[in-house]
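In what follows, a single structure is set out as structure tokens and then discussed.
The values are calculated or read from the model by the stated rules, or taken from the named source; none is laboratory data. What you see is a predicted model, and the numbers here were worked out from it, not measured in a lab. Positions of Cβ are generated from backbone atoms using ideal geometry, with glycine treated the same way; all protein chains shown enter the neighbour counts. Quick note on the areas: whole protein, heavy atoms, side chains included, nothing else; ligands and nucleic acids left out. Shrake-Rupley method; radii C 1.70, N 1.55, O 1.52, S 1.80 Å.
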Amino acid sequence: MLPAPFEYHRPSSLDEAVQLLSSLDEAKVLAGGQSLIPLLKFRFAAPAHLIDVNRVPGLDGIKEDGGSLRIGALVRHNQMAGSDLISARYPTLAAAAPQIADPIVRNLGTVGGSLAHADPAGDWGSVMLALRGSVVLRSERGERELAISEFLQDTFTTALEPDEILTEVRVPQPAGPFGGTYLKLERKVGDFATVAAALHLSLSDGTIESAGIGLTAVASKNLQAEDAEASLAGAEPTEAAFAEAGRLAAEASSPVTDVRGSAEYKRHVVDVYVRRGLARALEMARAA
Ligand SMILES: Cc1cc2nc3c(=O)[nH]c(=O)nc-3n(C[C@H](O)[C@H](O)[C@H](O)COP(=O)(O)OP(=O)(O)OC[C@H]3O[C@@H](n4cnc5c(N)ncnc54)[C@H](O)[C@@H]3O)c2cc1C
């Protein structure tokens, strides 16, 4: 099917993009188009205006600054997979990036677009929850930074106001010995997750200082397994502690039975992946 008619805008600066977004009714930002274009083609979305931000400079960098990793909203999934900084210092991000979709989608799809789309089966949301990430939102009214846990509200629903553009994702720079990973079960390469788990673990004097656990495709949005995280804070990193965290994470999940598997099976995978991911993160932290 062909998309409904729309007017196409291609701003060349962030100010211009923000101005267009605030002055036009029923306008949508177009980034990689990997989720929006199919929605237009199926006519699930029919915005009157598309604001293509791909030529806006300054939104495609990956750098550390002011205690945070700063990822521009237009950074492509593949850019994350190929970044030396990410592979050297951010193992959870590094593990997730090459598991997103297929090479074509990874070349075009953006980190910002993925978060703004807020698909509960999207991978970046869970990773950012585990890493305590935040997003920077810009409008003509100014700029605000929001924790990812507040930004992701429900299925395809975020705290973005209609006149706001997501410009940057921030992840606190890790300190001390830490490790992390992203484990994803998919039916075939390139598929969305049946279940996935993002793990981050930091140690202090051999005990667990903090743990971050984000879960994909097992709730109406990317899920932060808060009880599991709390059970680990200050605990000895033992198999029993990881088993309890796995149990709590599975208990917090509310997957649905579908073509990818039964709810019971998916909950079991959460349990296994959380335990397994924590063990892998611990190995990394001890080796650091
Ligand atoms: C075949 C296929 C397989 C896929 N598999 C996976 C997968 O395994 N895991 C996964 O996580 N994703 C997967 N995806 C989705 C993919 O990651 C998309 O890239 C992502 O969901 C959207 O990013 P985008 O840049 O393409 O955004 P777009 O499609 O351009 O936009 C998506 C939405 O976000 C809004 N938006 C985009 N950028 C901004 C911004 N800067 N500020 C405000 N709003 C914005 C748009 O208005 C739109 O509503 C898959 C997609 C396809 C087509």
Going 7 Å from the Cα of Glu7 along its beta-carbon direction, which residues of segment 132-146 have the amide nitrogen within less than 13 Å of the resulting point?
none
Applied in sequence order to segment 108-117, the curve 6.51 cos²θ - 1.76 cosθ + 1.60 (Karplus, θ = phi - 60°) yields integer Hz couplings, x standing for Gly and Pro, of 10, x, 10, 5, x, x, 4, 5, 5, 6
Output ³J(HN,Hα) for segment 160-171: one whole-Hz value per residue in order, computed from phi by the Karplus curve 6.51 cos²θ - 1.76 cosθ + 1.60 with θ = phi - 60°, and x for Gly and Pro.
4, 7, x, 9, 9, 10, 7, 9, 8, 10, 10, 10
For the chain, with all protein chains present and a 1.4 Å probe, just round the carbon and sulfur fraction of the accessible area to a whole percent.
51 percent
Under 13 Å, Cβ to Cβ, from Glu186 - net charge with Lys/Arg +1 and Asp/Glu -1:
+2
In the chain, what % of DSSP beta bridges are antiparallel (nearest 5)?
85 percent
How large is the accessible surface per residue of segment 81-132, computed with a 1.4 Å probe and reported in Å² as a whole number?
32 Å²
Just name one of Val256, Gln153, His49: the one whose Cα is farthest towards the positive end of the charge dipole of the chain (beta-carbon charges, Lys/Arg +1, Asp/Glu -1).
Val256
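Before I look further, what does segment 208-288 give for accessible area per residue, probe 1.4 Å, in whole square angstrom?
Details: 3890 Å² over 81 residues.
Dividing the accessible area of segment 208-288 by its residue count gives 48 Å².
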Report ³J(HN,Hα) in whole Hz for each residue of segment 17-28, in order, from the Karplus equation J = 6.51 cos²θ - 1.76 cosθ + 1.60 where θ = phi - 60°; Gly and Pro get x.
4, 5, 5, 4, 4, 7, 9, 9, 7, 6, 9, 10
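With the Cα gyration tensor of segment 106-239 giving a ≥ b ≥ c as the square roots of its eigenvalues, does the rule (a/c under 1.5 for rounded; else a/b larger than b/c for prolate; else oblate) give rounded, prolate or oblate? Before the final figure, lay out the partial values.
Numbers: a/c = 2.09, a/b = 1.38, b/c = 1.51.
Oblate is the answer for segment 106-239, as a/c is 1.5 or above yet b/c matches or exceeds a/b.
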For Asp154 and Glu283, calculate 0.36 nm times their separation in residues minus their Cα-Cα distance, and state this gained length in nm to one decimal.
43.0 nm
Any idea how far the Cα center of segment 195-259 sits from the one of segment 83-148, in Å?
19 Å
Modelling each spin label as a point 7 Å along the Cα-to-Cβ direction, I'd like the Lys41/Thr207 distance in nm, to one decimal.
5.5 nm
When the chain is modelled as a GNM with alpha-carbon springs shorter than 10 Å, which of Val169, Val56, Val135 fluctuates the most?
Val56
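Please compute the length gained on full extension between Ala263 and Arg276, using 0.36 nm multiplied by the number of residues separating them and subtracting their Cα-Cα distance.
Values: separation 13, 0.36 × 13 = 4.68 nm, distance 1.99 nm.
Contour length minus Cα-Cα distance gives 2.7 nm.
Counting each pair of different Cα atoms once, what's the Kirkwood radius of segment 16-128 in Å, rounded to one decimal? Each step should come with its number before you reach the end.
Working: mean 1/r = 0.0668 Å⁻¹.
About 15.0 Å for segment 16-128.
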Write down the radius of gyration of segment 83-159 and its Dmax, each obtained from C-alpha positions, in Å.
13.1, 37
List the lysines whose Cα lies under 20 Å from the Cα of Lys188, skipping any in the same chain that are fewer than 8 positions away.
Lys266
Taking the 0 to 90 degree range and rounding to the nearest ten, how far is the long axis of helix 239-252 tilted relative to the main principal axis of the chain, both from C-alpha atoms?
40 degrees
Under 11 Å, Cβ to Cβ, from Arg141 - net charge with Lys/Arg +1 and Asp/Glu -1:
-3
Please identify, among Ala73, Ala147, Ala211, the residue showing maximal mean-square fluctuation in a Gaussian network model of the chain using a 10 angstrom Cα cutoff.
Ala147
Connecting every pair of Cα atoms under 10 Å apart in the chain and solving the GNM, the largest mean-square fluctuation among His200, His77, His268 falls on His268
What is the distance, in nm, between label points placed 7 Å from the Cα along the Cα-to-Cβ direction at Val189 and at Ile104?
1.6 nm
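For segment 1-157, what proportion of DSSP beta bridges, expressed in % and rounded to the nearest 5, is antiparallel? Intermediate values should be presented prior to the final figure.
On the way: 12 of 19 bridges.
The antiparallel fraction comes to roughly 65 percent.
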